[in-house]
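Each remark here refers to the structure printed beneath this line.
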Amino acid sequence: MEKIIIKLQKRSYPIIIADKLFNDFSPCWPLNIGDKVVLITNDRVAPIYLNILRNLLTRSGIVTDQLILPDGEQNKSLITLNTIFTKLLKKNYDRSTILIALGGGVIGDITGFAAATYQRGIRFIQVPTTLLAQVDASIGGKTGINHILGKNMIGAFHQPIAVAINLDVLHTLSMKEFSSGLAEIIKYAIALDSSFFSWLESHLDDLLILHSPSLMYCIRRCCELKASIITIDERDQGIRSVLNLGHTYGHAIESYLGYSQWSHGESIAAGIMMAVNTALRLNQFNCSDAKRIKLLLTRAGLPVRGPKEMTSKNYLEYMKRDKKSISGQLNLVLPISIGNVKTVFNVNHELVSLSIEDTNSS
Ligand code: NAD
Ligand code: GLY
């Protein structure tokens with residue numbers, strides 16, 4: 001078992017990473033006998049893991065309830081959020097209630113937002129079950145929902161009281177969803193750690209066969225990298241934006257496609273290549289590093305071009321609404337070298353369009 005502490009004064013919390021976390025109740029669960037928890041999950045994850053976790057908690061004296069939501073990014077919505085509130089209100093849950101998000105980033109984000117806003121804020125625990133949520137979405141307290149006009153446009157910062165990562169659950173994940181997590185992992189390496197990028201080049205095949213020590217190292221490294229950023233910029237006022245490499249382009253893909261077809265990680269992978277091509281056009285990046293990135297994304301089973309039906313105009317429409325954009329100016333996180341990125345302000349729209357076209361025609 002590995003433990004990383006996110007140090008945020010009164011909002012500090014542990015991330016626990018273990019092979020078989022649902023087997024025994026251990027002190028890693030910040031729960032006491034008699035605590036009331038509501039497990040929130042979806043209809044894909046529930047049949048596999050809900051009873052295992054619920055039984056573990058019940059056996060340990062925790063009072064449990066559950067809510068099963070419909071699966072899918074398109075359900076990270078106001079309607080689903082209201083379903084959570086209705087359940088909590090109908091059952092008279094008070095401010096001592098603890099929500100447990102059992103699922104991928106969609107369940108984590110919406111449960112976290114429900115916890116941030118129900119009776120002005122209650123506690124919640126993240127139990128991420130996708131690789132993407134284990135390395136990124138469950139950590140750092142960004143919670144929220146999508147709007148038809150833009151991805152993650154409604155939300156709040158609300159830190160969990162613990163993140164419990166069970167490596168075992170990755171065995172039931174589809175290849176498409178596993179690859180999706182690899183996109184965020186590759187993002188960390190490009191943004192923050194060139195040695196980790198080299199490690200990924202040599203260990204990607206081990207990760208793809210779920211080699212446990214490699215997974216443990218990789219997930220731990222991502223958690224450490226994220227911790228190093230959020231502990232100095234919890235509310236995304238500065239350096240945290242480096243974690244958004246590829247996201248301004250990727251969110252445009254997800255929004256345009258109505259939060260269906262392409263996974264979050266697939267959209268981010270294409271978005272990373274668009275950021276790389278923008279940096280190449282700005283002469284701030286070199287071709288050999290661009291090739292290494294493209295090769296690693298491809299080996300991870302990820303797209304390196306955007307959806308065929310999207311024009312560069314479609315991208316710009318959504319990108320101008322990105323949270324980093326001010327008055328329609330495009331502020332983009334772009335690579336300088338592998339392991340180093342910076343925010344470039346007011347990037348020329350024409351240059352961005354051309355970079356998107358470069359990516360899609362390469
Ligand atoms: P997801 O939650 O939709 O999960 C992907 C699919 O895998 C779903 O069908 C899900 O039901 C299924 N699944 C989950 N665990 C499984 C398991 N163990 N076995 C089998 N199937 C399983 O998607 P995701 O990729 O986990 O998360 C993407 C979301 O996370 C996006 O909404 C994105 O915006 C958000 N996100 C948030 C942050 C943040 O900081 N809050 C960071 C990155 C991404
Ligand atoms: N995934 C980006 C962030 O947490 O800031």
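Residue pairs, Cβ under 6 Å, 6 or more apart or interchain, first in region 21-43 and closer than 29 Å to P70 by Cα and free of Cβ contacts under 8 Å to residues at least 60 places away in the same chain, second part of a loop (DSSP other than H, G, I, E, B) and among the polar types (S, T, N, Q). List them.
Short answer, once both residue conditions are applied: F25/S60.
Residues that are open to solvent by less than 10 Å² (accessible area, probe 1.4 Å): which helices (runs of 4 or more DSSP H) entirely in region 237-356 hold 3 or more of them?
In region 237-356, the matching helices (runs of 4 or more DSSP H) lie at 247-256, 264-281, 287-299.
Go through (1) among the small types (G, A, S); (2) at positive phi; (3) touching a residue at least 12 places away in the same chain (Cβ under 8 Å) and name the single condition S327 misses.
With respect to (1) among the small types (G, A, S); (2) at positive phi; (3) touching a residue at least 12 places away in the same chain (Cβ under 8 Å), S327 is out only on (3).
Name every residue in region 337-346 that is in contact with a helix residue (DSSP H, G or I) (Cβ under 7 Å, 6 or more places away or on another chain) and aliphatic (A, V, I, L, M), in order of residue number. Let's see the steps before the verdict.
In the first step, residues of region 337-346 are kept if they are in contact with a helix residue (DSSP H, G or I) (Cβ under 7 Å, 6 or more places away or on another chain); the result is 337-339, 341, 343.
Result: I338, V341.
Does region 300-318 contain any residue that is polar (S, T, N, Q) and touching a helix residue (DSSP H, G or I) at 6+ places or on another chain (Cβ under 7 Å)?
First, the residues of region 300-318 that are polar (S, T, N, Q): 311-312, 314.
Checking which are touching a helix residue (DSSP H, G or I) at 6+ places or on another chain (Cβ under 7 Å) leaves us with 312, 314.
Looking through region 300-318, at least one residue is polar (S, T, N, Q) and touching a helix residue (DSSP H, G or I) at 6+ places or on another chain (Cβ under 7 Å).
Just wondering, is there one or more residues in region 183-198 that are in contact with a helix residue (DSSP H, G or I) (Cβ under 7 Å, 6 or more places away or on another chain), on the phi > 0 side of the Ramachandran plot and either among the acidic types (D, E) or modelled with pLDDT of 95 or more (or both)?
Residues of region 183-198 that are in contact with a helix residue (DSSP H, G or I) (Cβ under 7 Å, 6 or more places away or on another chain), as a first pass: 183-193, 196-197.
Still in the running and on the phi > 0 side of the Ramachandran plot: none.
Taking every residue of region 183-198 in turn, none turns out to be in contact with a helix residue (DSSP H, G or I) (Cβ under 7 Å, 6 or more places away or on another chain), on the phi > 0 side of the Ramachandran plot and either among the acidic types (D, E) or modelled with pLDDT of 95 or more (or both).
Taking region 183-202, which residues are surrounded by fewer than 17 Cβ atoms within 10 Å (Cβ to Cβ) and farther than 16 Å from V242 by Cα?
S195, S198, W199, E201, S202
Across region 231-240, what is the total count of residues that are within 11 Å of ligand 2 (Cβ to nearest atom) and more than 16 Å from I185 (Cα to Cα)?
Of the residues in region 231-240, 5 are within 11 Å of ligand 2 (Cβ to nearest atom) and more than 16 Å from I185 (Cα to Cα).
Checking the structure you have, find out if any residue of region 170-182 is within 11 Å of the chain's Cα centre (by Cα), more than 24 Å from L57 (Cα to Cα), buried (at least 24 other Cβ atoms within 10 Å of the Cβ) and free of Cβ contacts under 8 Å to residues at least 40 places away in the same chain.
There is no residue in region 170-182 that is within 11 Å of the chain's Cα centre (by Cα), more than 24 Å from L57 (Cα to Cα), buried (at least 24 other Cβ atoms within 10 Å of the Cβ) and free of Cβ contacts under 8 Å to residues at least 40 places away in the same chain.
Could you grab me the full set of residues in region 123-133 that are among the polar types (S, T, N, Q) and either surrounded by fewer than 24 Cβ atoms within 10 Å (Cβ to Cβ) or away from ligand 2 (no atom under 13 Å from the Cβ) (or both)?
Matches in region 123-133: T129, T130.
Only residues in region 223-241 that are of a type in the set (S, T, Y) count as the first member; pair them with residues that are assigned to a helix (DSSP H, G or I) and open to solvent by 50 Å² or more (accessible area, probe 1.4 Å), Cβ under 8 angstrom, at least 6 apart or cross-chain, and list the lot.
Filtered contacts from region 223-241: S228/L192.
Condition first: among the polar types (S, T, N, Q) and within 15 Å of ligand 1 (Cβ to nearest atom). Now tell me which residues in region 202-227 satisfy that.
Correct list: empty.
Determine whether region 118-135 contains at least one residue that is modelled with pLDDT of 95 or more, among the hydroxyl-bearing types (S, T, Y) and farther than 16 Å from T41 by Cβ.
yes
Output yes when any residue across region 16-24 is within 13 Å of ligand 1 (Cβ to nearest atom) and open to solvent by less than 70 Å² (accessible area, probe 1.4 Å), and no when none is.
yes
The values are calculated or read from the model by the stated rules, or taken from the named source; none is laboratory data. For clarity, every value in this text was computed on a predicted model and none was experimentally measured. Please note: Cβ atoms are built from the backbone with ideal geometry, for glycine as well, and neighbour counts cover all protein chains shown. The area values use the complete protein model at the heavy-atom level, side chains included, leaving out ligands, DNA and RNA. Shrake-Rupley method; radii C 1.70, N 1.55, O 1.52, S 1.80 Å.
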